[in-house]
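The next block holds one structure in the form of structure tokens; read it before the comments.
Please treat every number below as a calculation from the coordinates, not as lab data. Model, not experiment: these values are computed from the prediction. Backbone-built Cβ (ideal geometry, glycine too); neighbour counts: all protein chains shown.
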Amino acid sequence: MKYVSTRGEAPGADFRTALLAGLAPDGGLYVPEAWPTFSPGEIAAFAGRPYAETAAAVVGRFTGDAIDPAALAKICAEAYATFNHPAVTPLTQLAPGRFLLELFHGPTLAFKDVAMQLLARLYDHVLAREGRTLTIVCATSGDTGGAAVEAFRGRSNIRIVALFPDGRISSVQRRYMTTADDANVACLAVDGTFDDCQAMLKEMFRDTQFARAVDLTGVNSINWARIAAQSVYYFAAAAALGAPHRKVAFTVPTGNFGDAFAGFAAHRMGLPIERIVAAVNGNDIIARAFAGGRYARGEVRATQSPAMDIQVASNFERLYFEAVGRDGAQTARAFRAFAAQGTIDIPPQALEAMRELLSGEAVDETETASVILSTLNETGNLVDPHTAVGLAAALRTTQDNPTTPMVVLSTAHPAKFPETVAAAAGVVPPAPRWAADLEARPERFEKAPADAEAAKAYIRRFVRA
Ligand SMILES: *Cc1c(COP(=O)(O)O)cnc(C)c1O
């Protein structure tokens, strides 16, 4: 399996290179040169199989010759043994034809664990063979950092630096990063937004001298292996609900468009997905893009669903690349102009191609809170605010075919956002037993300005120490 850049100017790469590089050298994102596909029979056979086996089958199509199949099977088994539910990503039914896909049974209570537990072991496997040590810098809107720190802490061939927007994430989110006492972990509380953190990270990759000096790598959802890992639960859920004989629709709470793009990838691989609804909060760049054809950066606003407080959805570049017929030159032009001007006018044909599968719904703060309450009243389920954004969007969506099951991705455990859930529902969500001691652990982090140069200096010192 070979990988190409969405900007068409980087040499082809194997899985190993795409995994370790994160961003391609031309500033684009890696995508597979050709989509692997699954036959209807292969999809049907996923029903009832252990999650780790489905993961090995799906991810194996992307790793190709880079990872031995037996090693991959073992990596998947170990990664998903860290989950606290035997089904790993169980489905819960809320109403006729409406389901929650619970992605939060991992160590840090959010869906980021699904990819990160796998990624850490893939890195270990590849780096141990090469005897190299890399530095992961991770910009986080809250959940990626915790999942990455938890997955990579204590590993000998990796250092990890988490950049998070100070005061804009929940204390539970922060604690999953700052309470790791391993010497290979550093946390920077940035005086800015998530978009500032992401821009700082991009600048570090652009500075090739710095990137080489610290052996920089990235595990944000620009990393292809995360998309590959996340496409697995679309297969597992759809097969459990009757695919390929029956189509399934998904609603995905979205910020960086990584999780939703994983659904797009599953569709490209042959999974009969009828529709993917991208659910956003007031930071609605994606919903505006699908509705009006203009992808335009806005001001980031703080909401109850902070992991989605993003106005530059990095993975949108992958979708754009697909929608313009994989034209790297056109994608490069559009996204270089976007970096300078903050807008892209999506060509009409490309917009039409996107809309065949995707639509967007923006959900405001009042509706988010009221859906948390109504879901509790109607079903007895407490949901986190990100899941509530997804549920609100799904309730609003008129499906092409009303008998198609609608699966809402439940991206975090309610106990990860206890204040918001308690304010909306009047009930404090109990922390699951595997998170019970988090409040008692001491924290460790540094404050930093929203300035890439200052962060680089800090990281150089951390790497030398
Ligand atoms: C990261 C995150 C999202 C958004 O996922 P993207 O891949 O960035 O679209 C949604 N909900 C939660 C809880 C998250 O942590």
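Give the residue from V59, I43, Y30 lying farthest towards the positive end of the charge dipole for region 25-68; charges sit on Cβ (+1 for Lys and Arg, -1 for Asp and Glu) and the dipole is referred to the Cα centre.
I43
Once you list every other residue whose beta carbon is under 14 Å from the beta carbon of N381, what net charge do they have if Lys and Arg are +1 and Asp and Glu are -1? Intermediate results must be reported in sequence, preceding the final value.
On the way: positive: R98; negative: E102, E378, D384.
Combined, the nearby Lys, Arg, Asp and Glu give -2.
Whole number please: convex hull volume per residue of the Cα set in region 1-75, in Å³?
Numbers: hull volume 7.0 nm³, N = 75.
Hull volume over Cα atoms, normalised by residue count, gives 93 Å³.
Given the pairs K74/K112; K202/K447; K112/K416; K416/K456; K202/K416, which span a C-alpha to C-alpha distance of over 23 angstrom in this model?
On the way: K74/K112 20 Å; K202/K447 20 Å; K112/K416 13 Å; K416/K456 30 Å; K202/K416 28 Å.
Cα-Cα > 23 Å for K416/K456; K202/K416; rest within.
Can you list the equivalent-ellipsoid semi-axes of region 1-141, largest first and in whole Å, using the square root of 5 times each Cα gyration tensor eigenvalue? Please list the in-between numbers first.
On the way: eigenvalues 154, 70, 57 Å².
Rounded to whole Å, the semi-axes are 28, 19, 17.
Would you mind pulling out the separation of the Cα centroids of region 48-85 and region 231-248, in Å?
18 Å
Please report the base-10 log of the normalised intensity I(q)/I(0) for region 150-309, using a Debye sum with one equal scatterer per alpha carbon and no solvent, at each q in 0.13, 0.16, 0.19 (1/Å).
Log-scaled intensity ratios, in q order: -0.79, -1.11, -1.31.
Summing +1 for each Lys or Arg and -1 for each Asp or Glu, what net charge is found among the other residues whose Cβ lies under 15 Å from the Cβ of G28?
Working: positive: K2, R7, K202, R206, R318, R326, R333, R336; negative: E9, D26, E33, E317, E322, D327.
Net charge in that neighbourhood comes out at +2.
Using only the alpha carbons of the chain, what is the convex hull's orientation-averaged projected area in square nanometres? Mind showing how you got there, number by number?
Working: hull surface 77.8 nm².
Mean projected area of the Cα convex hull: 19.5 nm².
With label points built 7 Å along Cα→Cβ from the Cα atoms of N401 and R464, find their separation and express it in nm.
6.3 nm
What is the Cα centroid distance between region 342-391 and region 289-321, reported in whole angstrom?
So the two Cα centres are separated by 12 Å.
I need the fraction of alpha carbon pairs in region 378-465 separated by more than 22 Å, rounded to a whole percent.
Details: 2132 of 3828 pairs.
Every Cα pair in region 378-465 considered, those over 22 Å come to 56 percent.
Region 274-382: D in µm²/s via Stokes-Einstein (Kirkwood Rh, Cα pairs, 10 °C, 1.306 mPa s)? It would help to have the intermediate numbers written out before the result.
On the way: Rh = 15.1 Å.
Result for D is 105 µm²/s.
Over the chain, what is the relative contact order in percent, taking alpha-carbon pairs closer than 8 angstrom and at least six residues apart?
On the way: 956 pairs, mean separation 90.2, N = 465.
The normalised contact order for the chain reaches 19 percent.
If you place +1 on the Cβ of every Lys and Arg and -1 on the Cβ of every Asp and Glu, how big does the dipole about the Cα centre of region 87-197 come out, in debye to the nearest 20?
Taking the Cα centre of region 87-197 as origin, the dipole is about 260 debye.
Can you order the peptides 227-238, 418-429 by their average number of other Cβ atoms within 10 Å per residue, highest first? Before the final figure, lay out the partial values.
Working: 227-238: 26.4, 418-429: 17.6.
Final packing ranking: 227-238, 418-429.
With no solvent and one point on each alpha carbon, what is the Debye value of log10 I(q)/I(0) for region 89-207 at q = 0.16, 0.18, 0.20 Å⁻¹?
-0.79, -0.94, -1.08
Within the chain, what percent of beta bridges assigned by DSSP are antiparallel, to the nearest 5?
On the way: 13 of 49 bridges.
Around 25 percent antiparallel, to the nearest 5.
Rounded to whole Å and sorted largest first, what semi-axes of the equivalent ellipsoid does the C-alpha gyration tensor of region 71-128 yield via the square root of 5 times each eigenvalue? Could the numbers behind the result be given before it?
Working: eigenvalues 146, 22, 15 Å².
Rounded to whole Å, the semi-axes are 27, 10, 9.
If I take all pairs of Cα atoms in region 332-402, what percentage of them are more than 18 Å from each other? Walk me through the intermediate numbers first.
Working: 1447 of 2485 pairs.
Considering region 332-402, 58 percent of its Cα-Cα pairs are separated by more than 18 Å.
Alpha carbon centre of region 144-162 versus region 409-465: separation in Å?
14 Å
Largest first, please: the extent of the C-alpha atoms of region 152-234 along each principal axis, to the nearest Å.
38, 31, 29
Sorted by mean Cβ packing within 10 Å, highest first, what order do the peptides 433-441, 318-326, 213-221, 453-461 take?
Numbers: 433-441: 12.4, 318-326: 20.6, 213-221: 22.3, 453-461: 16.3.
Peptide ranking by packing, descending: 213-221, 318-326, 453-461, 433-441.
When the helices in the chain are scored as -39500 (n - 2.57) per DSSP H run of 4 or longer and the sum is shared across all residues, what 222 nm value do you end up with, to the nearest 500 deg cm²/dmol?
Working: 19 runs with 211 residues, N = 465.
Dividing the helical sum by the residues of the chain leaves -14000 deg cm²/dmol.
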